[in-house]
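First the structure, in the form of structure tokens, and then the observations on it.
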Amino acid sequence: MKYYADFENKGGNLYSGEVDLVDLARREGTPLLVTSERRLVDNYNSIYESFSKRYKKFKINYAVKANSNPTILSIFRRMGSGADTASMGEIYIARFSGFGSDDIIFTPNFAPRETLLEAYRMGIRINFDDIGQFQFIADIKPRHASFRINPGMGGGEFPGIVTGGHDTKFGIPEEHALRAYKLARKYGAGEFGIHMHGGSNNLSEEYFRLITQKFFGIARRIMDELNIEFSFIDIGGGFGVPYREEEKPLDMERVADYVTENLKNIIGSEEPMLMVEPGRYLVADSTVLLGRVNYIKNYGKKIVGTDIGMNILLRPALYGAYHRIVVANRLDSPPADTVRVVGQICENTDRIGDEIKIQEASEGDIIAVFNAGAYVYSMSSNYNGFPRPEEVLITRNGEIIIIRERERYHDLISGATLNRYMF
Ligand code: LLP
């Protein structure tokens, strides 16, 4: 029975393809992140095919922030993806993963002058977050100018992940957009791009129709008033995935239809490269997080204690996010227990699931958390002194490759100096 994406129940255990994940967790140890390459490829193709058959000049720049494992980045690079980065650190990871400067786009927020200069000198395209950010480097007369525009609306699953609209720190408000491009032109820029990102985890196709309609309208006005063309139009990421069983996946064909229709109707030329920056959609459902049940406490409310806490999966504590959890070695039993699933962190927000129904668990059982490919490892920490987990890839051929080693205790003090003040 298929459980989710590439993960299925075979004889009571969770499998990906031919790989028994319960067995893998026992061999490699927990916590363990297991990624299916096949799913990464399918997700990439789903966006690429839906858009590129409707609009020729189309490019995906994978948002590194969602999951910055270099092997995963390399898989997307080999498929033709670029890399969307938010910091010099992400640029470093992208270059380590084989992306050339031409294939990296940089959308920083409140970056210092040195960072912007360095990125520009590396030949990386920048989506400037504000007019003054561009002015930081105006004296070197950049030839390209692209600005992140806040289209005055946004959308996302939680207030914390909405980045467009009036109450956010991102981009240039639409009423100032024209001034940004005027200024860039005054400083000698001759090639222009335009960018937006309205928020994350949107499962409504209609959202993409409305926000691109608004955004392309802003782009059109700039083109008309300044008599310029855009070499690229970047609509950011935000494509959602279902976390709850009852949620429907995004209909990518419809999203692509809405976006490309808007582009043709409003921009009216097939010249600009249409770019998207998906993070979550490409990686979320490719990965499960496997953990072990350490101990169960039951004084009325049953608490299942595991080796997965907010140190690894921060989203529930940070946004109240829901992740589906199953007992990976008892899939043949019906979910019978209503429990809270916690880790070992000294915080009461250390919950990875609350009031959730799962199979009755015992100590030593393996639990699996779905949708662990996006914003899990990349948001993890060593809080309370826990090393980060190992990451494993199941390749298209069913091979198992360790793509990141488990951290060790000495990683917890890496960088700390042994200095005279300690003694
Ligand atoms: N481009 C820009 C400029 C962004 O700021 C983001 C995400 C993306 C692309 C990728 O968005 P996606 O396709 O993944 O929705 N930590 C939160 C998500 C925050 C996303 C922030 N920006 C979470 O765990 O849900």
- Query: In deg cm²/dmol and to the nearest 500, what is the mean residue ellipticity at 222 nm of the chain if only DSSP H runs of at least 4 residues count, each as -39500 (n - 2.57), divided by the residue total?
  - Reply: -8000 deg cm²/dmol
- Note on the structure: Hull volume per residue for region 37-282, using the convex hull of the C-alpha atoms, in Å³ is 113
- How large is ³J(HN,Hα), in whole Hz, for each residue of region 258-265 in order, when computed from phi with the Karplus curve 6.51 cos²θ - 1.76 cosθ + 1.60 and θ = phi - 60°, using x for Gly and Pro? 4, 5, 6, 5, 4, 4, 5, 6
- Query: Given N residues in region 132-236, what is Rg(Cα) / (2.2 N^0.38 Å)?
  - Reply: 1.09
- Query: By DSSP, what percent of the beta bridges with both residues in region 61-191 are antiparallel, rounded to the nearest 5?
  - Reply: 0
- Task: Count neighbours as other Cβ atoms within 10 Å of each site's Cβ, and list the GluC sites (Glu not before Pro) in region 200-235 that are DSSP loop with at most 12 such neighbours.
- Result: 229
- Note, ³J(HN,Hα) from phi for region 83-99, Karplus 6.51, -1.76, 1.60, rounded to Hz, x at Gly and Pro: 10, 9, 10, 10, 7, 4, x, 5, 4, 4, 5, 5, 5, 4, 8, x, 6
- Message: Can you give me the long-range amide H partners of residue 403? Hydrogens built in the peptide plane at 1.01 Å from N, cutoff under 5 Å, separation of 5 or more residues or another chain.
- Response: 391, 392, 393
- Query: How many percent of DSSP beta bridges within the chain run antiparallel, rounded to 5?
  - Reply: 50
- Query: Of the residues 339, 34, 376, which exhibits the maximal mean-square fluctuation in a Gaussian network model of the chain defined by a 10 Å Cα contact cut-off?
  - Reply: 339
- Query: If you line up the Cα atoms of the chain on their principal axes, what length do they span on each, largest first, in Å?
  - Reply: 68, 61, 42
- Message: Mean-square fluctuation check for the chain, GNM, Cα pairs under 10 Å: which of 117, 393, 73 is largest?
- Response: 117
- Query: Which distance in Å, rounded to a whole number, links the C-alpha centroids of region 1-63 and region 359-379?
  - Reply: 15
- Candidates 124, 413, 72: whichever shows maximal mean-square fluctuation once the chain is modelled as a Gaussian network with Cα springs under 10 Å: 413
- Item | Alpha-carbon centroid distance for the pair region 185-228 / region 290-321, whole angstrom | 42
- Task: Would you mind calculating the relative contact order of region 37-282 from Cα pairs under 8 angstrom and at least 6 residues apart, reporting the percent as a whole number?
- Result: 21
- Message: Restricting to DSSP loop positions (anything but H, G, I, E, B) with no more than 15 other Cβ atoms inside 10 Å of their own Cβ, which trypsin sites (Lys or Arg not before Pro) remain in region 149-201?
- Response: 169
- Query: Within region 7-79, which trypsin sites (Lys or Arg not before Pro) sit in a loop by DSSP and count at most 11 neighbouring Cβ atoms inside 10 Å?
  - Reply: 56
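Each reported figure results from applying straightforward, stated rules to the coordinates on display, with no laboratory input. Small disclaimer: the values here were computed from a predicted structure and weren't measured. Cβ coordinates were reconstructed from backbone atoms using ideal geometry, including for glycine residues, and neighbour counts include every protein chain displayed.
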